[in-house]
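S.K.: Dropping a structure here in structure tokens format, bear with me for questions.
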Amino acid sequence: MKNKIYTAAVIGTGRIGFSLGFDCKREQPASHTMALLANKRVRIVCGIDSNEENLLSWQKYVCKKQPGLPKPAAFSSIDKFLLGLEQKHFLIPDIVVISVNEKSHLDVAVRLIEAKPSLVILEKPVALTVEQGMKIVDAAKSFGVPVLVNHERRFAADYAIARNYIEKIGDLQSVSARLDSGLRVYAKENESDGSYSLLHDGTHLVDVLLFLLEAKSFGKEDLLSNMRLLNFHLDEKDPGVVRNLTVGYDCPYCSDVQLRISGRSRFFGFEVTVIGTEGAFTVGNGIFCFEKRCQSKLYSGFYSLKKDFSVKRPKKTLYFSNMVQNAIDFLDGKAELKSTLENGMSSLSLLEDIKLLLAKEIL
């Protein structure tokens, strides 16, 4: 139906679900609620959160931003929401956003998929483990519910430019994906809640790596088949905690693909550098540099890399806005999902294989 208004529910009204929309330093919209409210084709009809304070603040704000519309319903649990559906007090919304903690993804996702919304938007990572993720995949197939995984950089304008530019830099020579933070990289004790950077932020790093390499027809299997642990560093005070790691991959036509994660840094950094035979680029948080091969100004008969001024940095990446618009276009039948459950599972598989390599070394 042309210009249909789609209803939406937000499950989890915490940071990514709601409050990051008030961070004045972030590009806005920066939360699911704000991105949904910014799209004229969406009406938020309900929210669910066990934190009463978060939920009431969310309800008040959404009501203010949707003047003239009924107050969005607020539920303190999934059970109460599903009971309302069962008793036919309301219909399942077209879009259900799941922005709860990773440890709750499996239970919440499966139960809401069984309610058969038109689309589920699932926060990354898909689940804590591949085993849990496959149960979500099975439920989605059984009930015929499409799932969009919010690996946000697949929707960002700067990364789209990078993916297109990779065709211009010739044969790939090296790819380096790097994440720096103060959060421990991995510890077995944190597997129950996902509070380690290999999973929490590493899922973004791995997904970006796959997203860019897909433009060269590389895939998950190319990385999985030739993965090796180059080095790692354990916490001096707690040998069960990994603080740094570097993983290498031998991919077709590019034998130097590395993923580095540090949990010892006193800053947060996220970037990917790709070097080809004809050029190079680095893209990441606050980083946007593209270079092409030109005649050198320093040496006769030589070529150097020079900044490519034809590549313009976008004023806004629109990462969250584009994600919601992709959901609308999909429901309209105009586009495929840009970040699928299959994409999310590919990233989760790579992360789990890294964990297995680490476990062998730690034990």
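The values are calculated or read from the model by the stated rules, or taken from the named source; none is laboratory data. None of these values were measured; they are calculated from a predicted model. Note that we place each Cβ from the backbone using ideal geometry, even for glycine, and neighbour counts take in every protein chain shown. With ligands, DNA and RNA removed, areas are computed over all heavy atoms of the protein, side chains included. Shrake-Rupley method; radii C 1.70, N 1.55, O 1.52, S 1.80 Å.
S.K.: Filter segment 167-201 for residues that are in a helix (DSSP H, G or I) and modelled with pLDDT of 95 or more; which is surrounded by the fewest Cβ atoms within 10 Å (Cβ to Cβ)?
M.R.: Out of the qualifying residues, it is Ser197.
S.K.: It is to be established whether one or more residues within segment 279-302 are within 19 Å of the chain's Cα centre (by Cα), open to solvent by less than 50 Å² (accessible area, probe 1.4 Å) and among the small types (Gly, Ala, Ser).
M.R.: yes
S.K.: Looking at the structure I just gave you, is Lys312 in contact with a Phe, Trp or Tyr (Cβ under 8 Å, 6 or more places away or on another chain) and part of a loop (DSSP other than H, G, I, E, B)?
M.R.: Working: in contact with a Phe, Trp or Tyr (Cβ under 8 Å, 6 or more places away or on another chain): no; part of a loop (DSSP other than H, G, I, E, B): yes.
No; evaluated as a whole, the condition is false for this residue.
S.K.: Give me the pairs, please: first residue somewhere in segment 114-131 and closer than 16 Å to Phe320 by Cα and open to solvent by less than 20 Å² (accessible area, probe 1.4 Å), second residue anywhere and of a type in the set (Gly, Ala, Ser) and in a loop (DSSP other than H, G, I, E, B), beta-carbon distance under 6 Å, and either six or more positions apart or on two chains.
M.R.: As it stands, the answer is Glu123/Ser99, since those pairs meet every condition given.
S.K.: Would a scan of segment 76-84 turn up a residue that is open to solvent by less than 70 Å² (accessible area, probe 1.4 Å), of a type in the set (Val, Ile, Thr), on the phi < 0 side of the Ramachandran plot and in a helix (DSSP H, G or I)?
M.R.: Yes, the conditions are met somewhere in segment 76-84.
S.K.: Six or more apart or on different chains, Cβ atoms under 9 Å: show the pairs whose first residue is in segment 1-17 and closer than 23 Å to Asn51 by Cβ and assigned to a loop (DSSP other than H, G, I, E, B) and whose second is aromatic (Phe, Trp, Tyr) and open to solvent by less than 10 Å² (accessible area, probe 1.4 Å).
M.R.: Note: pairs meeting the criteria are Thr13/Trp58; Gly17/Trp58.
S.K.: Mind counting the residues in segment 28-47 that are within 23 Å of Gly84 (Cα to Cα), more than 22 Å from the chain's Cα centre (by Cα) and open to solvent by 10 Å² or more (accessible area, probe 1.4 Å)?
M.R.: 2
S.K.: Next up: Go through (1) part of a loop (DSSP other than H, G, I, E, B); (2) open to solvent by 30 Å² or more (accessible area, probe 1.4 Å) for Ser265 and report which single condition fails.
M.R.: (2)
S.K.: Considering only residues that are assigned to a loop (DSSP other than H, G, I, E, B), of a type in the set (A, V, I, L, M, F, W, C) and farther than 14 Å from Leu199 by Cα, which ones fall in segment 116-157? Break it down into steps so the answer makes sense when it comes.
M.R.: Within segment 116-157, the subset assigned to a loop (DSSP other than H, G, I, E, B) is 116-118, 124-129, 144-146, 151, 155-156.
Okay, now just the ones that are also of a type in the set (A, V, I, L, M, F, W, C), so 126-128, 145, 155-156.
Hits for segment 116-157 are Val145, Phe155, Ala156.
S.K.: Name the single residue that is modelled with the lowest pLDDT among those in segment 148-166 being β-branched (Val, Ile, Thr) and open to solvent by less than 10 Å² (accessible area, probe 1.4 Å).
M.R.: Ile166
S.K.: With the checklist (1) surrounded by fewer than 19 Cβ atoms within 10 Å (Cβ to Cβ); (2) over 25 Å from Lys316 (Cβ atoms) in hand, flag the one item Lys25 doesn't pass.
M.R.: Of everything listed in (1) surrounded by fewer than 19 Cβ atoms within 10 Å (Cβ to Cβ); (2) over 25 Å from Lys316 (Cβ atoms), Lys25 misses just condition (2).
S.K.: Looking at (1) touching a residue at least 24 places away in the same chain (Cβ under 8 Å); (2) open to solvent by less than 40 Å² (accessible area, probe 1.4 Å); (3) assigned to a strand (DSSP E or B), can you tell me which one Leu212 breaks?
M.R.: (3)
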